[in-house]
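Report on the following structure.
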Protein chains: 2
Amino acid sequence: MRRHNLSVLLRHLHAAGPTTRSDLTARTGLNRSTIGVLVGDLAARGFVVEGKATATGGPGRPSPPVHPRPEGAVALALEVDVDSLAAATVGLGGHVLGRRRVDRPGGRFSPEDTVDELARLARPLLRRLPAGAPVVAAGVAVVGLVRVGDGCVRVAPNLGWVDVPLAALVRRRLRLRVPVAVGNEADLGARSEHVRGAGVGIDDLVYLSGEVGVGAGIIVGGRHLGGAEGYGGEVGHLPVNPTGQACGCGSVGCWETEVGEGALLRRAGRSAEPGDRTAVRTLLDDARAGDDAARAAVEAVGRWLGVGLAGVVNVFNPRRVVLGGLFAELHPLVARTVDAELDGRALDASRAVVDVVVSALGVDAPLLGAAELALDELLGDPTRMPPLAEQNKDAARE
Amino acid sequence: MRRHNLSVLLRHLHAAGPTTRSDLTARTGLNRSTIGVLVGDLAARGFVVEGKATATGGPGRPSPPVHPRPEGAVALALEVDVDSLAAATVGLGGHVLGRRRVDRPGGRFSPEDTVDELARLARPLLRRLPAGAPVVAAGVAVVGLVRVGDGCVRVAPNLGWVDVPLAALVRRRLRLRVPVAVGNEADLGARSEHVRGAGVGIDDLVYLSGEVGVGAGIIVGGRHLGGAEGYGGEVGHLPVNPTGQACGCGSVGCWETEVGEGALLRRAGRSAEPGDRTAVRTLLDDARAGDDAARAAVEAVGRWLGVGLAGVVNVFNPRRVVLGGLFAELHPLVARTVDAELDGRALDASRAVVDVVVSALGVDAPLLGAAELALDELLGDPTRMPPLAEQNKDAARE
DNA sequence: CCGTATATGTCGACCGCCGCAACAAAGTAC
DNA sequence: GTACTTTGTTGCGGCGGTCGACATATACGG
């Protein structure tokens, strides 16, 4: 129960940043004295530092702010995207200590090669960490279906992976002694947008990521929708068009065959390798420049985006839809179309409470979400990390 | 925190029935002493009675069972269906003390008339309650979109209702002094199937109710998926066929236009008033008897059922789908078709962990779910009800 | 410039709740 | 009948939190 209160406190500080002690008492409903003890505990563990109290302008004694200490706990975040790899070190409070991304266009890479390159990417970031900043966990975002229990990538069509024990591979290759969690890219995008992006404070939200495939991260009642094994949120494979295209999943007329990158290019009469971002960018540029075929393709995808979104809105009754990836770039061009489809097709009651916005974190949303995932275990139980005094004792012993 | 432990205990007893004290200690992880105190507390409030310990066959002192006491707390459950009304009194542990249902075919009734008839239905049930059995709350299941916050029926197309403050109406008309909660029929069906039906122990499940419309109650990670305002789960309005029929919701090609009762009759070339159950029953009988047109219609609906279910399975990754209403009767006729569509269209990973079964509670699932909804508040905080000693004092004072 | 009002941190006392250990009770196995 | 096992009961101790009293730090008004 002490654990629980520490967790609540640290979670809030991590998510909301510096907060005065009086604010913490008001927010948690706990007593001033208790907050004092808890903050002291967190400080002893190196998670927070107390600042100087500065006058707020109001009457009364000013309350000193409590700052999350980025070096108190660091997450290693990794991302395996279709055409790029990324790594970042993220400290408590969401402070990004270092970040690197490399393109890896076109080809398909084996899990082993991928993990090798992730290790190369991560090494300098880890070396550059400030002294005494402990890496407490790692998180990996990956485009594919992930069994959350053991961090196994069940299937990732765009990578050509089947049943890859990614968590174990990363842990071994990077010689990590900390837990490694793996999550679906869209799920983790939703997570970061929820904590510090376009969905802050919104406990019912859908993050929709359009890439080669279409995936969603869904947060209902503040909690991530995982399902029995963690495969939930695969809205890209909602059947929307019985007379449509064959989908890579084996079905016909899945939503992603109408709104994915492939659909966009196909509609414009252009062809490209799957995962060829430049072709998509060119098409969007052409559409913005007024090219008729490009505009028609964009418009058609926008309509289908609205159609599918209507279904998503009906099913989840979210307060906000956050668009990431391709959809983030597409949305400004088709916002009115999407809204019109929603108006016409979604149930009024649900339509009335939802808005559609663009990702605030951009391409890094999944990467940052991986960091959040990694830190989550610690945030749930801050007592996992012993007080600094004991840490020093342990260090001296060695 | 005492509240919390009492809640955990009572919830378990309510859901799982009689449990020995030793079982409770093992299940909660609490100490024997603590369990003793807590059980004593619950007994003092009239929620449980302790039975005689009977030899189990094993060595050691036998543990006495703790029984939930149905008369300890009673919920009044009500249901407003398209063509019937129902009421029940349900005691702790899910014991149904009384139950009545009346048909109300065809026509549309005003909220006032409906509530009047609910009152007539409920009165004898309440009169027949054992002495000293307190009604602690009421729950209402209704076919329509319900704003859970205030129990307002936002829209119920099949009843012709818009913005009906049903909770308030019921409370006033039935002169209830206890809270009245309102929920969507499918949501409550899911709830009861989850607690004591075909979904016991399954924390990721979808209850799919086919009537005039198609609705779903969705439970993810053990919690009901409500969404921002409680309108979630309206899978009937997933767009599945852009060239399909116009739907009452204003959209085109919603799933329920392909699998609802209307679709079934239409496909068989029969017409009927919406909500005419006999026409549907006749059709199903004909199909079972071998009538070609009927069988073709049933088969087509079965295919569409599978198509939509594939989407639902992809999105929610449930461990079980429970079919209620029309679908419960339909399923035996089309199980193979549904399974085949799922095999072909759902993602393998999700498909592998899901099964499709028929409702165990039948037509009463939503009604019983309303009782669960009503009892939920008490189960969350058993201290709301004072110990019997004080209750008697209060009674003596009057 | 200084008192007053307001708000906050700190310290010690109190209390509720749970775990623990010893004991009593109620069964089985031989 | 005796040994053993499992369980309920009871009293004690500790952890964690609230509460009240006091010290401290600022804004406001004269």
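The values are calculated or read from the model by the stated rules, or taken from the named source; none is laboratory data. Nothing here was measured: the structure is a model prediction, and the numbers come from that model. Cβ placement follows ideal geometry from the backbone for every residue including glycine, while neighbour counts extend to all protein chains displayed. When the accessible area is computed, the model is the full protein with side chains, heavy atoms only, and any ligands, DNA or RNA have been set aside. Shrake-Rupley method; radii C 1.70, N 1.55, O 1.52, S 1.80 Å.
When only DSSP loop residues count, what trypsin sites (Lys or Arg not before Pro) in the range A:11-88 have their Cβ near at most 14 other Cβ atoms within 10 Å? The partial results should precede the final answer.
Numbers: sites: A:11, A:21, A:27, A:32, A:45, A:52; in loops: A:45, A:52.
Those that pass, being in a loop and sparsely packed, are A:52.
What FRET efficiency would be calculated for the residue pair residue A:358, residue B:168, taking the C-beta separation as r and a Förster radius of 51 Å, to the nearest 0.05? Numbers along the way, then the final one.
Values: r = 40 Å, r/R0 = 0.79.
The computed FRET efficiency comes out at 0.80.
Among the trypsin sites (Lys or Arg not before Pro) in the range A:125-186, those placed in a DSSP loop whose Cβ has at most 16 other Cβ atoms within 10 Å are A:128, A:175, A:177.
On full extension, the segment bounded by residue B:291 and residue B:52 gains 80.2 nm, given 0.36 nm per residue less the C-alpha separation.
Entry comment: accessible area of the range B:277-378 is 34 Å² per residue, from protein heavy atoms only and a probe of 1.4 Å.
Which residues does a label at residue A:335 reach in the range A:181-225, if reach means a backbone N under 19 Å from a point 7 Å past the Cα toward the Cβ? Answer for this model: A:197-200, A:206-210.
Evaluate E = 1/(1 + (r/R0)^6) for residue B:110 and residue A:27, where r is the Cβ-Cβ distance and R0 equals 45 Å; express this FRET efficiency to the nearest 0.05.
On the way: r = 46 Å, r/R0 = 1.02.
E between residue B:110 and residue A:27, to the nearest 0.05, is 0.45.
Provide the gained length on full extension for the span residue B:3 to residue B:384, in nm with one decimal, where the gain is 0.36 nm per separating residue minus the Cα-Cα distance. Please list the in-between numbers first.
Details: separation 381, 0.36 × 381 = 137.16 nm, distance 0.94 nm.
Here the answer is 136.2 nm.
Distance from the alpha carbon centroid of the range A:122-153 to that of the range A:164-197 works out to 6 angstrom.
For the range A:2-68, what does the relative contact order come out to in percent, with C-alpha contacts under 8 Å and a separation of six or more? Please list the in-between numbers first.
Values: 71 pairs, mean separation 25.7, N = 67.
Here the relative contact order equals 38 percent.
Taking other residues whose beta carbon is less than 14 angstrom from the beta carbon of residue B:22, and scoring Lys, Arg as +1 and Asp, Glu as -1, yields +2.
Pairs of Cα atoms nearer than 8 Å and 6+ residues apart set the relative contact order; for the range B:199-360 it is 24 percent. Label-point spacing for residue B:44 across the identical copies (point 7 Å from Cα in the Cβ direction), in nm and ascending order: 3.5. Taken about its Cα centre, the protein assembly as shown carries a charge dipole of roughly 3080 debye when the Cβ of each Lys and Arg holds +1 and the Cβ of each Asp and Glu holds -1. All other residues whose Cβ lies under 12 angstrom from that of residue B:336 are scored, Lys and Arg at +1 and Asp and Glu at -1, for a net of -3. Rounded to the nearest 500, the 222 nm mean residue ellipticity of chain A from helices alone is -13500 deg cm²/dmol, with -39,500 (n - 2.57) taken per DSSP H run of at least 4 residues.
Determine the relative contact order of chain A: mean sequence separation of Cα pairs under 8 Å and six or more apart, normalised by residue count, in whole percent. If you can, show how the numbers build up before the last one.
Values: 817 pairs, mean separation 68.5, N = 398.
17 percent.
Rounded if a/c is under 1.5, else prolate if a/b is larger than b/c, else oblate: which is the protein assembly as shown, with a ≥ b ≥ c the root eigenvalues of its Cα gyration tensor? Oblate is the answer for the protein assembly as shown, as a/c is 1.5 or above yet b/c matches or exceeds a/b.
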